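Asks: Sharing a structure below in structure tokens format, with a few things to ask.
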Amino acid sequence: MYRLLLTLIALAIASCAQTENKSVLYDQGVSWDLAEYRSSTLSDLAYDIHLQIPSRLDVAIQGVTTFHFTLSESTPDPQVIIDFNQPASSVLSVSKEGQPVPFELINNHIVITGIQPGRHAIEVAYIAGESSLNRNDDYLYTLFVPDRASFALPLFDQPNLKARYRLTLDIPTDWTAVANGPLEERIESDETATYSFKETAPISTYLFSFAAGIFQSETTERNGRHMTMYHRETDAEKVARNADVIFNLHYEALEWLEDYTGIDYPFDKFDFVLIPSFQYGGMEHPGAILYRASSLFLESSATQNQYLGRASLIAHETAHMWFGDLVTMNWFDDVWTKEVFANFMAAKIANPTFPDINHELRFLLRHYPGAYGIDRTLGANPIQQPLENLQMAGTLYGPIIYQKAPIVMRQLEFLIGEETLQKGLQQYLNEYGFANATWDNLIAILDDLSPEDLKSWSSTWIKEPGRPHIQTQLTIEDDAIEQLLLVQSDAWDKKRIWNQQLTVTLGYPDSMQHIPVQLDDPSVELEQAKRQPVPDFILPHSKGIGYGLFTLDPKSRAYLLENLHNLPAPLTRGIAWLTLWDEVLYQHVSPASFYELALRSLATETDELNIQRILNYLTATYWRFLTHNERIQVAPELEVFLWEKLNAAPSTSLKVAFFNAYKEAVLTTQGTEQLHAIWNKSQSVDGLTFSERDFTSMAFELALRNEEAAGEILETQLERISNPDRQTRFAFIQPALSPDQGERDTFFASLKEVDNRSHEPWVLEALSYLNHPLRAEQSIHYLRPSLDLLEEIQRSGDIFFPQRWLGATLDGHQSPEAASIVQAFLDEHPNYPYRLKNKILQSADGLFRAAEIIQQ
Ligand SMILES: [Zn+2]
């Protein structure tokens, strides 16, 4: 009896655990548990995919996929769970050797139970989903990252189930097709051409790709390497002007990477496809990289920055062939690793070919403001974040992955040295080639090669959010430095140590002394500074390598507020700007004195990168930290100043920067009239030609400032637009600029319907005008409903939409009332989804700080 009871209890527990486990396996999306279950039970995976693609858009794409796999012997209660994010009616049949196989459809999974261990070939016939096939009139292409493959085709959609793909496409005879593998044969019959591609090497589902349609192609051979470029450009001159450079850049990147990694290009062929209006700059499908056409086909008027951008993009995607494609992250929680390595390699490949560009300053200004923008907030997230389900992969993306991770990677290289890093990466690629690896796998390799404790380095820099607070402590005796300490502390009181290399600069009237230091303790003494004369200022981070909240001592602060613009090196000035901006946000420097410094510096600054950054700070201070009355007071002088700088600027890009700042800052009647004259084309600006887009944005800015004429300005601008797509966009945004509050309220209310949010960029633009600082008082009642909608926004929108929705809503506000609305929302939702709450804290940081500063 006793035994029986125990057995019964055990059985009950077992069956309970099983249902629980099953329910997780069958969750919508791909849960971590499902991924784990499949990767431990399935092996030797191959897909035969046959798709019939008709030319007519209204005819569905039919597909048959044969799944070849081995189901492991040791699987109790074995089942095969295929992902297919389509309605049940799209699954036409499931069979094995011609015999139907029973299956269930649960939460967008095809579940086959009662299957025996061993080798299988299971055939699924279906109607393909189209949302990730980007189907157009005469071409289509796949974009499956991160979990979008299963929105089109049935498969096991997770990065660590690499498979070989054999693809067959039936397409119209005047189309062409390109895929990961080389073309094996093309057979034509009647109106259909059948393209059969050779089987690929093992790759992840998000990298499986093809494009088909009307494409031109150019083929070349460089030193035994064959490459084909597919494109749809009709301007033959443009193709001729760009093609050779594009091939060369790919060729050079391939050579460089083979040399650096010690591994030959790992896939069978190397082609790329230029897609008009592609969603990203590029996507690294092995053998068939997809690019946005305009990123590679540059206009003859392209700037140095655009040329560098193109070279970096090509190097980035090519680097992915090794970093991401050959060795792939095990799960999307480590997606940042492939991105950071691709960028890191791209900088090494492309930068030396542009010696006229100040790469250190460019890196600083492209990465630090964005990374600090998150790390200074209470919602800061670590670089590596847990991911429970692939369908949440989108929430991982943001400035910490794109801006902070590259900074940290440079820190790592400085810490262990270039050679050790290269050696470790080679070992990593060799060990995990055609398979998957985690960040911790790489750190384990590097840790063995280096005397540094990289595990604890990684746990602070990669797995923890935030940044250290770093200050100097100076002791003076007999007019000389007795002791200079560099001290770090943890604002979150977790006693974390951010081990890093820094260069501290001591500034003297005619010279600078740079002292490198390894800050691996809470406090480190700079021996080299001992007995040196007392400097005018100390900058604790001066070479663009350090990372933290650097607080200046009062003397250095006062000196830089007077003299920043006289520092000789552009990089030092750039760093000083970042440091002083933090000083404003942490209320050590008043917005008014920062604003004064910005104006004074713009008068003499010659470096374009710094000018752009100062203009950003200037307009941010103007709108966020000055009150409306203060703005009215400074506007006349600011407008004249920007106008003069605009006219005197030596380059078009600078003219554009000054014009945009002018357009956004204008407040006086005279300035508004001048902007109106430019918009109605009765006045021109020397050296600038405006596009329709420019006139549209001028019309919007004018409508905000001149309520009487707003209606007429907007109507006139709408009439000027001839392209129907752009007309629709304008008409969508128009009510957000209406002088009539009722009309704006109605528009805002309409955004509660998901259908009215389908054009996300339009929604964001409209929202930012609704919440413009000039309308902040009238739009404050939109804040709460905007926050109430956020969870739904995340469910229905693109991955970047929630954060951008918050930005477009909150960025225009500065009042304590606005801040308290956000705070009240947070207080009332103590159990709000964690990551979404962090997004609110990140986006509201500027508002919270502004409200405090304004109140003083
Ligand atoms: Zn990338």
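The values are calculated or read from the model by the stated rules, or taken from the named source; none is laboratory data. Remember, predicted model here, so these are calculated numbers, not experimental data. Note: ideal-geometry Cβ built from the backbone for every residue, glycine included; neighbour counts use all protein chains shown. Heavy atoms of the whole protein, side chains included, go into the accessibility calculation; ligands, DNA and RNA do not. Shrake-Rupley method; radii C 1.70, N 1.55, O 1.52, S 1.80 Å.
Asks: Where in segment 760-826 are there helices (runs of 4 or more DSSP H), lying wholly inside it, with at least 1 residues that are of a type in the set (Lys, Arg)? Walk me through how you get there before you give the answer.
Replies: Details: elements: 760-770, 776-779, 783-788, 790-796, 801-810.
The qualifying helices (runs of 4 or more DSSP H) are 783-788, 790-796, 801-810.
Results for (1) surrounded by fewer than 20 Cβ atoms within 10 Å (Cβ to Cβ); (2) small (Gly, Ala, Ser), shown as yes or no for each residue.
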{"residue": "GLN501", "(1), (2)": "yes, no"}
{"residue": "LYS530", "(1), (2)": "yes, no"}
{"residue": "SER542", "(1), (2)": "no, yes"}
{"residue": "TYR547", "(1), (2)": "no, no"}
{"residue": "ALA558", "(1), (2)": "yes, yes"}
{"residue": "LEU564", "(1), (2)": "no, no"}
{"residue": "LEU571", "(1), (2)": "no, no"}
{"residue": "VAL589", "(1), (2)": "no, no"}
{"residue": "ALA598", "(1), (2)": "no, yes"}
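Asks: So in segment 785-824, with the set limited to residues that are within 19 Å of the chain's Cα centre (by Cα) and more than 19 Å from TYR769 (Cβ to Cβ), which one is surrounded by the fewest Cβ atoms within 10 Å (Cβ to Cβ)?
Replies: The qualifying residue surrounded by the fewest Cβ atoms within 10 Å (Cβ to Cβ) is ASP798.
Asks: Of everything in segment 243-256, what is open to solvent by less than 30 Å² (accessible area, probe 1.4 Å) and either closer than 25 Å to GLN427 by Cβ or within 16 Å of the ligand (Cβ to nearest atom) (or both)? Give them in sequence order. Don't jump to the end; show me each part of the working.
Replies: Here is the first cut: in segment 243-256, the ones open to solvent by less than 30 Å² (accessible area, probe 1.4 Å) are 243, 246-247, 250, 253-254.
Within segment 243-256, HIS250, ALA253, LEU254 qualify.
Asks: Let me ask something else about it. Are any residues in segment 310-330 more than 13 Å from the ligand (Cβ to nearest atom), over 24 Å from GLU608 (Cβ atoms) and either open to solvent by 10 Å² or more (accessible area, probe 1.4 Å) or out of contact with any strand residue (DSSP E or B) (no Cβ under 8 Å at 6 or more places or on another chain) (or both), and if so, which ones? Talk me through it step by step, then tell me what you get.
Replies: Residues of segment 310-330 more than 13 Å from the ligand (Cβ to nearest atom): 310-311, 326-327, 330.
This time we only want the ones that are over 24 Å from GLU608 (Cβ atoms), so: 326-327, 330.
Hits for segment 310-330 are LEU326, ASN330.
Asks: I'd like to check something: does segment 77-95 contain any residue that is in contact with a Pro (Cβ under 6 Å, 6 or more places away or on another chain), open to solvent by less than 50 Å² (accessible area, probe 1.4 Å), within 26 Å of LEU167 (Cα to Cα) and not β-branched (Val, Ile, Thr)?
Replies: Checked against the condition, which is being in contact with a Pro (Cβ under 6 Å, 6 or more places away or on another chain), open to solvent by less than 50 Å² (accessible area, probe 1.4 Å), within 26 Å of LEU167 (Cα to Cα) and not β-branched (Val, Ile, Thr), segment 77-95 yields at least one hit.
Asks: Still on this model: Can you tell me which residues in segment 257-283 are outside any helix (DSSP H, G or I), closer than 29 Å to GLN427 by Cβ and either open to solvent by 40 Å² or more (accessible area, probe 1.4 Å) or within 16 Å of the ligand (Cβ to nearest atom) (or both)? I'd like the intermediate steps shown before the answer.
Replies: Taking segment 257-283 as the starting set, the residues that turn out to be outside any helix (DSSP H, G or I) are 262-283.
Add one more test, that the residue is closer than 29 Å to GLN427 by Cβ, and what stays is 262-270, 282-283.
Those that are outside any helix (DSSP H, G or I), closer than 29 Å to GLN427 by Cβ and either open to solvent by 40 Å² or more (accessible area, probe 1.4 Å) or within 16 Å of the ligand (Cβ to nearest atom) (or both): GLY262, ASP264, ASP268, GLY282, MET283.
Asks: Looking at segment 301-360, which of its residues are assigned to a helix (DSSP H, G or I) and of a type in the set (Ser, Thr, Tyr)?
Replies: Selection gives TYR307, SER312, THR318, THR337, THR353.
Asks: Tally up the residues in segment 630-668 that are among the β-branched types (Val, Ile, Thr), surrounded by fewer than 20 Cβ atoms within 10 Å (Cβ to Cβ) and within 19 Å of PHE700 (Cβ to Cβ), please.
Replies: 2
Asks: Picking from PRO355, PRO386, PRO369, which residue would you name as being without any contact (Cβ under 8 Å) to a residue 12 or more places away in the chain and more than 20 Å from MET283 (Cβ to Cβ)?
Replies: PRO355
Asks: Can I ask one more? All but one of (1) open to solvent by less than 20 Å² (accessible area, probe 1.4 Å); (2) in contact (Cβ under 8 Å) with a residue 24 or more places away in the chain; (3) not aromatic (Phe, Trp, Tyr) hold for SER132; which doesn't?
Replies: Checking SER132 against (1) open to solvent by less than 20 Å² (accessible area, probe 1.4 Å); (2) in contact (Cβ under 8 Å) with a residue 24 or more places away in the chain; (3) not aromatic (Phe, Trp, Tyr), the one that fails is (2).
Asks: Take LEU675 and tell me if it is at pLDDT below 95 and open to solvent by less than 40 Å² (accessible area, probe 1.4 Å).
Replies: Here the answer is no, as LEU675 does not meet what is asked.
Asks: Out of (1) of a type outside the set (Phe, Trp, Tyr); (2) open to solvent by less than 30 Å² (accessible area, probe 1.4 Å); (3) within 13 Å of the ligand (Cβ to nearest atom), what's the single condition that is false for LEU387?
Replies: LEU387 satisfies every listed condition except (3).
Asks: Does SER74 satisfy the condition of being open to solvent by 40 Å² or more (accessible area, probe 1.4 Å) and assigned to a loop (DSSP other than H, G, I, E, B)?
Replies: Numbers: open to solvent by 40 Å² or more (accessible area, probe 1.4 Å): yes; assigned to a loop (DSSP other than H, G, I, E, B): yes.
Spelling it out, SER74 is indeed open to solvent by 40 Å² or more (accessible area, probe 1.4 Å) and assigned to a loop (DSSP other than H, G, I, E, B).
Asks: Could you list, in sequence order, all residues of segment 293-309 that are within 15 Å of the ligand (Cβ to nearest atom) and more than 16 Å from the chain's Cα centre (by Cα)?
Replies: Within segment 293-309, the first condition is being within 15 Å of the ligand (Cβ to nearest atom), and the residues that meet it are 295, 309.
SER295, the sole residue that qualifies.
Asks: What strands (runs of 3 or more DSSP E) completely inside segment 141-238 contain at least 2 residues that are among the polar types (S, T, N, Q) and either in contact with a Phe, Trp or Tyr (Cβ under 7 Å, 6 or more places away or on another chain) or open to solvent by less than 20 Å² (accessible area, probe 1.4 Å) (or both)?
Replies: Fully inside segment 141-238 and qualifying: 216-222.
Asks: What do you reckon, is GLN727 more than 29 Å from THR621 (Cα to Cα), part of a helix (DSSP H, G or I) and open to solvent by less than 20 Å² (accessible area, probe 1.4 Å)?
Replies: So GLN727 fails the test.
Asks: Please go through (1) assigned to a loop (DSSP other than H, G, I, E, B); (2) open to solvent by 20 Å² or more (accessible area, probe 1.4 Å); (3) within 23 Å of VAL145 (Cβ to Cβ); (4) at pLDDT 95 or above for LYS463 and return the number of the only condition it doesn't satisfy.
Replies: LYS463 satisfies every listed condition except (3).
Asks: Suppose we keep only residues that are among the β-branched types (Val, Ile, Thr) and within 17 Å of the chain's Cα centre (by Cα) within segment 331-370. Which one would you say is surrounded by the most Cβ atoms within 10 Å (Cβ to Cβ)?
Replies: The qualifying residue surrounded by the most Cβ atoms within 10 Å (Cβ to Cβ) is THR337.
Asks: When you go through (1) in contact with a Ser or Thr (Cβ under 7 Å, 6 or more places away or on another chain); (2) over 26 Å from GLU852 (Cβ atoms); (3) among the β-branched types (Val, Ile, Thr) one by one for THR606, which number turns out not to apply?
Replies: (1)
Asks: Of everything in segment 405-430, what is without any contact (Cβ under 8 Å) to a residue 40 or more places away in the chain, of a type outside the set (Asp, Glu) and under 26 Å from LEU519 (Cα atoms)? Give them in sequence order.
Replies: ILE416, GLY417, THR420, LEU421, LYS423, GLY424, listed by residue number.
Asks: Here's something else I'd like to know. Does LYS455 satisfy the criteria of being open to solvent by 70 Å² or more (accessible area, probe 1.4 Å), in a loop (DSSP other than H, G, I, E, B) and either of a type outside the set (A, V, I, L, M, F, W, C) or over 23 Å from LEU580 (Cβ atoms) (or both)?
Replies: Considered against the rule, which asks whether it is open to solvent by 70 Å² or more (accessible area, probe 1.4 Å), in a loop (DSSP other than H, G, I, E, B) and either of a type outside the set (A, V, I, L, M, F, W, C) or over 23 Å from LEU580 (Cβ atoms) (or both), LYS455 comes out as no.
Asks: Separate question: Just one of THR337, THR353 is of a type in the set (Ser, Thr, Tyr) and away from the ligand (no atom under 13 Å from the Cβ); which is it?
Replies: Going through THR337, THR353 in turn, just one is of a type in the set (Ser, Thr, Tyr) and away from the ligand (no atom under 13 Å from the Cβ): THR353.
Asks: List pairs: first residue in segment 212-230 and on the phi > 0 side of the Ramachandran plot, second residue surrounded by fewer than 17 Cβ atoms within 10 Å (Cβ to Cβ) and outside any strand (DSSP E or B) anywhere in the structure, Cβ distance under 7 angstrom, at least six positions apart or on different chains.
Replies: Listed pairs, sorted by first residue: GLY213/ASP138.
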